[in-house]
Every structure is written in C-alpha cells, then in structure tokens.
Amino acid sequence: MCGIIGCINLDLTTEEKNASLNLLKHRGPDDQNFYENKGDKFSLFFAHNRLEILDISDGKQPMTSSDGRYVVIFNGEIYNFKELRKELEIAGHIFKSNHSDTEILIHGYKQWGEDLTLHLNGMWAFAIFDNKKKELFLSRDRFGEKPLFYYFENKVLIFASEVSAITKFNKNFKLDNNNLKKYCAYGYFPFDLTPFKNIHKLPGGHNMTIDLNTMSLNKKKYWEYKIEPDYSKNENEWSEILYDLINDSVKKRLVADVPVGVFLSGGLDSSIISLLAKKNLNNELNTFSINFSESSFDESNYSNYFSKKIGSSHHHQTIDFNNIENICSELFSKIDEPLSDSSLISYYLLTKFAQQKVKVALGGDAADELFAGYDTFKAINYANIMRVLKINKSNSLLKFFTSKLPSNYTNMNLKFKLDRFLRFDKDSLGFSHCQWLSPMTAKEIINFFGEQTTDEELFSEAIDLWKKNNYTDNIDKSLEFYSKLFLQDQILVKTDRLSMMHGLEVRSPFLDYKLIEQVRKIPSKFKLKKSISKYILKKTFENELGKKFTYRKKMGFTAPISKWLLNKSDSFTIKSQYLRNNQSFLDNKLNEHRSFKKENRILIWNIMNLDNFLLKNNL
C-alpha cells in the first residue's frame, strides 16, 4: 500500500520534487523515491511513498522494466499475483524480483496491454509510462478501493492518491459550489466529483490513457457491477459457492511478508472473516476491536465471545465518549477531503490501535451493500407500499406519532429511524435511499447556501442510476445504489483514508473479483428473505457461528456523537471563511438537538467535517 503522485508538463523545482515525497508520506512511511523523464514534447515526474508489505527488498518503486521501456508506480495489492506470474513466465517473461506483485503490472502490460486490468484480482491505482510509445496508462480497481484523483487542463496533468497532494502543486483551484451542495446532500462526493472544479476522481472500473505527444486523454470503463440474477440454483447451492469463494478470498488476503490481523467488531461480517482467517493462518491470529463506554454502541460482549470461540489473540480498547472532542481534533488535523460518516471516529481509533501490532488488517467492508444488510432494504418495501396505495398524506399522522416518542439518542433508536423513514415523500423510489441517508434536506441546503436547489438536482446521480437500470425488483435497484454509490464513495473512502493515515493496509475479502461475479447473480430473495437481511450469508455460516449469534440484531459500527453534542459547555464555531455566514444556522441546529426537539447529529457532523476541510485549505 502506498501513495503515488505524477505530473506531466509541470515545471517543478528541486525543492518541490523533494517536497512532493512528503505529501503522502503517511500512506507509505517505509521508503520513498521518484522518477523523471524529459522529452522534446513533454516532461514526466513520478513520486512514490511505499508501505512495505510484499517482497520488501525487490519491490521498490518507481519500478522500471529491464529494458527501460516501462515505469510503474502502484498503490494496492494484486492477490492473484502468483497465478499471473506463472502464466506470464510460461509466456516467456523473465522476472527480476522474487515475489513482487508490482512487477506483475509491468509484464502483464507488456503481454495484454490495456486488457491487463481484466486479469487482475485485487485493489489498485497505478500509472504505467511507456517510454517507447510516449504514453501514460492509469487504472483504478473495479470498486475503487484505492483512490486516484487527477487534474487535466492546458496540457498539464497531475494525479495523486489524495486531493491535497494535487492542490499543493497549484494554489488556484476553485471550489465547486454545486459539488459542495451534493456533499451536504449525500454526505460524500458521488462518482467523479470532488470539492474542486477541475479535480476529478477516476471512477472505479475505469482506465485512462494519455498520449504524451498530443496530450490527448481517453477515459474508458473496463468493468461495471451488474446484477444478473440466476434463478437456477437453490439456497444450498448458493451457500456452497459462497463458502468456498469467501474462504479462498480470505486465504489470498492473508499473504504478506509482515504481520496480518483482522478487525473483529463482533458483527456477522467481521466474525466470518475472523473465522476463516483463523482456519487459514498457520500462526496466531490477532483480532482488534474498539468499544465505547456508552452501552448502546458497545459490542465488546460479542467480539470477546467470538474471539474465545475461534481462539484468536484479541486486542480491544474502550473509549470514553467524553474524550471524543480531543479525538476529533486529532482526526480533523489529518483527514483529507470531507466525509460525514458517523463511524469516522470509531474507524480512526481502530486503525490507529491495530497499526501498533500489524501492518495489514482484513475487514468486513461491502457485505452490507452486496447482501442487503441495512434496514433501508426493508424500508424500501414499506415505501413502495405507501407509494402504490397513495397514502403519503398519512405522513402527518405518523409524524405526530413520532414526535411524541421519547428522545434518548441511543444507537439507532426508534424515533431516529422513524424520522428518517418519513423523509420519503416523493412518488419516485429513486429518491428514497438518498433522503433516508442524507445529512441535510433540500430545504436545509437552500438555507445553508442561500441558493435554490431541488432534490432532483442534488441527487441527480442516484436518480439517473435508478432510472437507467432495467431491474423490476426494487431490492436489486437498491443494491445497485449501494454498490455503485454508497460503497464506493463513502465506505471505501473512509476505509482507505483512515487506514492509510496510520500506514495500515486494510483488505476487504468481500470484494474479491471471483466472489463478486457470483454475488451479482444471487437473486434478491436470498439476500433479503422476509425480514432477514443478508439471509444467504447467514445461512452459509449459521452452523459454524451459531444460530443465536448469527441472527442477533445488527448494531452497526458508529460512535456516540449525539450524546457528545449534548454537552452544553461545548461551542461549535464555524472557522472557515467560506461558511462564515452560517453560524446562526449551526446554532439553531445545535439548540434543536440539545433541547431534544430533533436529533441533528448527522447534519452537525457533516458541517463540522466540511468546515474543517475548508479551513485546512484556507478557504
């Protein structure tokens, strides 16, 4: 795992070149180096920070082919590198390294060209320079586990693992006000959007080629997650397929030349990964969890129980929520682009804690999005009934009933869930998940930015996605929203930024390519069966995990932000120039929250993250 930076036609001083190596040092603290090439028509610069995981002595980057034609910088892991190496050696390729997955990219590109990415099973963001064709090839893995941002204007290209590494090269980037509105609506930047007008994300499943002679850019989608149900198999057949593929995926992700551990929250997904890791690991398994003193957020009973069940060496840390303010200050000082995920605090502490003992950790990311694990998958059926029966007018009665429920701000309390559900008031179900998850409503965004907008404008990406797919099943349509938007642009962003903040590589077995190819074929009736979410996953592992453990109520991995915000001695002051006129808006939302009129934790947390980002960028 690493940090990469590249520039084309950007005149850099020696000081700037050296400084570039420190921009992403947190992502790769073990080694750093750069490569440059100046031609008649272009100049190229690569900078690389390395986190040493595989082939520590021979895997240094930037890596150059033996004939000097190809140069690669790479962030990620290729899990099928052993199989690909054998295949390429049979084809006549001679490797210099002992077992570097980076060298696979060079020889794979020689052999297959742009089709290289179709052969890879892993997570990646890489750039390959072809010195003969004078061409640059960039790629990002299928789901976008590893980040790749780029700027391309006036024959200048800058790309990097994080936005801040690009803005450091140019102070004239302008904020995109519409994108900031979308951030407040989604809680993240959807698809290729970023906070800035001319900086974009290369979406997951995409390649990009730049002809350095003409500085022409071509972006191409090489893969897309498509749900194509196969109704020929029964649930027992699907269970057998899933077990073998998940087990194989975990086994592949245990390969490293450094210590490997597993995040064990005590929930279903992390328990499955821990179980299989223990089976496939020859030595002791280290598992890690973060717990809170607030009982409704604490899963320590389950993580401790399961650790004893499988015999792992379990490490846990309990955090008093009264210390969250100090933790937030530390987090905000390090994080890059804003993200209003309420589990940022928990995950930040977990990665920081785990990094003290391991350099690689396996996690349970993506199971909820791929197997219908959220309550919103159940809610979409209720929303559809309301839509079909045209009983939206009953919302006033439901809202009155909800207003009379007591507010206790415990984790996922009934009032909070009902308040969220009743946000849905549109005829189109395409709005539903966005409105349930949104930090701020369209009305609040209008008040905050002082500009008119609509749900249709704010959630255009999600609405288009809902309309374009031809599924008749609302669960499948919902799964596509979560897999293509929420997973890629929120969950995996959180995982990458917070783990790499501490030089820790996190691997996600549920995103194995071979596994995904089968998951997309599983009919939705096996993912959500009556009221049982992730049914087929639970069915597959219920005997080994224990039925009582497997089918217990989901808690979710978050932090007690609501109760922290109740502390009336704390004042939250907007510090950025860009949002300076919004203090009264924030104060009103804080007062509502503290008087128990409305739980505004997601909205307030969203503003705090945005304000911190703007302040760090002097905006």
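The values are calculated or read from the model by the stated rules, or taken from the named source; none is laboratory data. These figures come from a predicted structure and were not determined experimentally. Because the Cβ atoms are built from the backbone with ideal geometry, glycine has one as well, and the counts that use them run over all protein chains shown.
Among the residues of the range 416-474, those that are over 19 Å from residue 599 (Cβ atoms) and of a type in the set (Val, Ile, Thr) comprise 446, 453, 454, 463, 472.
Each residue in the range 88-113 was checked for being on the phi > 0 side of the Ramachandran plot and of a type in the set (Ser, Thr, Tyr), and 0 of them qualify. Can you name every residue in the range 341-375 that is over 17 Å from residue 269 (Cβ atoms) and either charged (D, E, K, R) or surrounded by fewer than 24 Cβ atoms within 10 Å (Cβ to Cβ) (or both)? Passing the criteria: 342, 344, 349, 352, 353, 355, 356, 357, 358, 359.
Here's the yes/no breakdown for (1) surrounded by 15 or more Cβ atoms within 10 Å (Cβ to Cβ); (2) modelled with pLDDT under 80; (3) in contact with a strand residue (DSSP E or B) (Cβ under 7 Å, 6 or more places away or on another chain):
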| site | (1), (2), (3) |
| --- | --- |
| 407 | yes, yes, no |
| 418 | yes, yes, no |
| 424 | yes, yes, no |
| 433 | yes, no, no |
| 436 | yes, no, no |
| 440 | yes, no, no |
| 445 | yes, no, no |
| 454 | no, no, no |
| 458 | yes, no, no |
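Can you tell me which residue in the range 193-213 is nearest to residue 144 (Cα to Cα), limited to those that are under 19 Å from the mean Cα position of the chain (by Cα) and assigned to a loop (DSSP other than H, G, I, E, B)? It comes out as 204. One residue alone among 506, 493 is outside any helix (DSSP H, G or I), modelled with pLDDT of 95 or more and closer than 29 Å to residue 351 by Cβ, and that residue is 506. Across the range 547-590, the qualifying residues are those that are in a helix (DSSP H, G or I) and modelled with pLDDT under 85, and the one among them that is nearest to the chain's Cα centre (by Cα) is 561. Taking the listed residues 110, 96, 17, 41, the one that is modelled with pLDDT of 95 or more and either farther than 20 Å from residue 146 by Cα or polar (S, T, N, Q) (or both) is 110, with no other qualifying.
Residues checked against (1) of a type in the set (A, V, I, L, M, F, W, C); (2) free of Cβ contacts under 8 Å to residues at least 12 places away in the same chain:
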{"site": "518", "(1), (2)": "no, no"}
{"site": "524", "(1), (2)": "no, no"}
{"site": "540", "(1), (2)": "no, no"}
{"site": "553", "(1), (2)": "no, yes"}
{"site": "574", "(1), (2)": "yes, no"}
{"site": "589", "(1), (2)": "no, no"}
{"site": "593", "(1), (2)": "no, no"}
{"site": "608", "(1), (2)": "yes, no"}
{"site": "612", "(1), (2)": "no, no"}
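Residues that are of a type in the set (Ser, Thr, Tyr), surrounded by fewer than 19 Cβ atoms within 10 Å (Cβ to Cβ) and more than 30 Å from residue 175 (Cβ to Cβ) occur in the range 539-555; there is at least one. From the list 289, 313, the one residue that fits, being among the hydroxyl-bearing types (Ser, Thr, Tyr), modelled with pLDDT of 90 or more, crowded, with 20+ Cβ neighbours inside 10 Å and touching an Asp or Glu at 6+ places or on another chain (Cβ under 8 Å), is 289. When 16, 36 are screened for being among the acidic types (Asp, Glu) and assigned to a strand (DSSP E or B), only 36 passes. So which residues in the range 591-614 are in a loop (DSSP other than H, G, I, E, B) and in contact with a Lys or Arg (Cβ under 6 Å, 6 or more places away or on another chain), if there are any at all? Of everything in the range 591-614, just one residue is in a loop (DSSP other than H, G, I, E, B) and in contact with a Lys or Arg (Cβ under 6 Å, 6 or more places away or on another chain), namely 600.
Of the residues making up the range 262-274, none is outside any helix (DSSP H, G or I), at pLDDT below 95, in contact with a strand residue (DSSP E or B) (Cβ under 6 Å, 6 or more places away or on another chain) and farther than 24 Å from residue 534 by Cβ. Cβ-Cβ distances below 7 Å connect the following pairs, each with a first residue in the range 112-129 that is hydroxyl-bearing (Ser, Thr, Tyr), a second residue that is outside any strand (DSSP E or B) and surrounded by fewer than 22 Cβ atoms within 10 Å (Cβ to Cβ), and a separation of six or more residues or different chains: 117/222. Checked against (1) touching an Asp or Glu at 6+ places or on another chain (Cβ under 9 Å); (2) at pLDDT 95 or above, residue 240 passes all but a single condition, namely (1).
Here is a yes/no grid of residues against (1) buried (at least 18 other Cβ atoms within 10 Å of the Cβ); (2) of a type in the set (D, E, K, R); (3) touching a helix residue (DSSP H, G or I) at 6+ places or on another chain (Cβ under 6 Å); (4) without any contact (Cβ under 8 Å) to a residue 24 or more places away in the chain:
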residue	(1), (2), (3), (4)
212	yes, no, no, no
215	no, no, no, no
219	no, yes, no, yes
234	no, no, no, yes
242	yes, no, yes, no
248	no, yes, no, no
260	yes, no, no, no
280	no, no, yes, no
